[in-house]
1. So how long is each side of the range 30-87 along the principal axes, counting just the alpha-carbon atoms, biggest first, in Å?
2. Which percent of the Cα-Cα distances in the chain go past 40 Å?
3. Is the shape of the range 180-225 rounded, prolate or oblate, going by the alpha carbon gyration tensor and its root eigenvalues a ≥ b ≥ c, with a/c under 1.5 for rounded and a/b larger than b/c for prolate?
4. Return one number: the angle in degrees, 0 to 90 and rounded to the nearest 10, between the long axis of the Cα atoms of helix 65-76 and the longest principal axis of the Cα atoms of the chain.
5. For the range 382-490, which trypsin sites (Lys or Arg not before Pro) pass both filters: DSSP loop (anything but H, G, I, E, B) and at most 10 other C-beta atoms within 10 Å?
6. Return the sequence-ordered ³J(HN,Hα) values of the range 218-223 in whole Hz as given by the Karplus equation 6.51 cos²θ - 1.76 cosθ + 1.60 applied to θ = phi - 60°, using x for Gly and Pro.
7. Taking a label point 7 Å from the Cα of HIS82 along the Cα→Cβ vector, which residues of the range 98-128 have an amide N closer than 20 Å to it?
8. Which of the three applies to the range 307-359, rounded, prolate or oblate, going by the alpha-carbon gyration tensor with a ≥ b ≥ c and a/c under 1.5 meaning rounded?
Amino acid sequence: ITVTSECPELAEPYLRQVLDTAGLAVEYVRAERNTLYRRGADGEEIPVSDFAGGYGSVLLGHNHPEIVTRARELLTAQTPVHAQFSRHPYANHLAAALNRVIHRELGTDEPYFAIFGNSGAEAVEAAVKHAELDRGMRISALLEEADGRLTAARSAVADGATVPAEVCARLGVPATEGFASVEREIRRRNEKSAASPPLFLALEGGFHGKLVGSVQLTHNEGYRLPFKSLAAQARFVPNGDADHLRKIHAAERRTLLAADVVDGRITVTERELPVFCAFLVEPVQGEGGVHPLTAAFAGEIQRFCADIDCPVIVDEIQSGMGRTGALLASSRVGLRGDYYTLAKTLGGGIAKTSVMLVREARYRKEFEIVHSSTFAKDSFSCHIALTVLDLLERDGGRAYRRAEERGEALRAVLDSVHADFPDVVKEVRGRGLMLGLEFHDRSGASSAELRELAGSGLFGYFLAGHLLRRHRVRTFPTASAVNTLRFEPSLQVSDAELEQLRAGLREVCALLRKEAVAELLPS
Ligand code: F0G
């Protein structure tokens, strides 16, 4: 098939128009280390410093030489990429290597079982499906136990135990009909409660993917509401608000009834029914505006979820894989997950892979038989991910230290811009090499153009377009918080590139300060 530049635009042409509006519709022709190369007017390569970093996927840099070499070796050796339903020793090696690091960071030796996927959202879908399988099995066990106790109570009544009037009154059944109506009502209520749809808990500003199940857990209403009818819903909690957690639980909890015999009389007790399927949390909210989780709130979430026996899914897809100075950013705030999701840098900027990890205490082996994907757990991706882990863990984890050191250097640049332009910059936030700089909302600006820009929903995209055009810096706003620019460069980001960013941000702030909007926009 010959492809010429005149071919019709059929791969998301509208998105291309939106990119054009902000001056972001450039073509990149090569990528190496922290640099993307765009094509200039007369065909030359123009280097662009990459602070978008593949939305967090290229911590090790674009086309890292050791990863490219490994990819070449694998393909030359004709690695069996499609060998589904076979031993997959490389997947076990990768799962074991991930466990070794997780055990070191969490101070535990509990195994985490691995289910591989192809993208971040797919790992979230797998975690949600496993949690629902587990929830269903727990409910079945509770129903069976309640059934056994009802049978025992029935035979106790046959042997003379009595049914107090207040028990009938509590269940709203006539006392005249004796235990039969009590038993019927208890079964009816238990079946009804058990059939309640599962609920998820997630944070406001949270992002967990855009697939059918995961999009319900992503707070952004634009992404979520059109698809609300497709899957189980989440209740969203303001970041840091533990009281709100308790209110949601009080409003949505369900119980199962059990009948027992105490001193020859029937009593009815309640047991918590697992309505809440899982609590999803990012250790550093990425797409929602780069908001780190505090250790205090992490502790509140941990205690709340333990109290109601609701598993915690720690979504490390963007914050994980070394970006904040550890494999698990959550290990720094004392949060212990029942599940973890990892993706992005796991594939080393070359392979598309993700993994969902389940702690042994919650693992249901039956899940392996009902969940799969054609491309997941393949030899190529697993070997590339093993190379990624080797690069992170080498020399006692030098890469993690580098992420901290480069993160501090980047943070210093952003803080200096904030210090010089407090009227333009609202806040700098984040951990390690996952940082965000939030601009003040300019909806109240004196210039109409700036008010319009502030209200366009594309504010950060126009700033990104200016940084690209005038300073050869590539970055984006966090899509659900467009006043915040995100900075997630690779470990190779140089001091010169940090100075390039400083200059670019200072010029943007100066233009915003004097409300010179025309100079910010593409001509
Ligand atoms: N979870 C988190 C925390 C993410 O940041 C992302 C993607 C996903 C899940 C979904 O992963 O795109 O591979 O399916 N974050 C990108 C962003 C899109 O803009 O921050 P995916």
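1. 49, 25, 19
2. Summing the P(r) tail past 40 Å for the chain gives 33 percent.
3. prolate
4. Roughly 70 degrees between the two axes.
5. Qualifying residues, ordered by number: none.
6. Karplus-based 3J(HN,Hα) across the range 218-223 equals 8, 5, 3, 5, x, 6 Hz.
7. 116-119
8. It comes out oblate by the Cα gyration axes.
The values are calculated or read from the model by the stated rules, or taken from the named source; none is laboratory data. From a predicted model like this one, the values you see are computed outputs, not experimental measurements. Counting neighbours? That spans all protein chains shown, and the Cβs are built from the backbone with ideal geometry, glycine included. Surface areas here come from the heavy atoms of the whole protein model, side chains and all, with no ligands, DNA or RNA. Shrake-Rupley method; radii C 1.70, N 1.55, O 1.52, S 1.80 Å.
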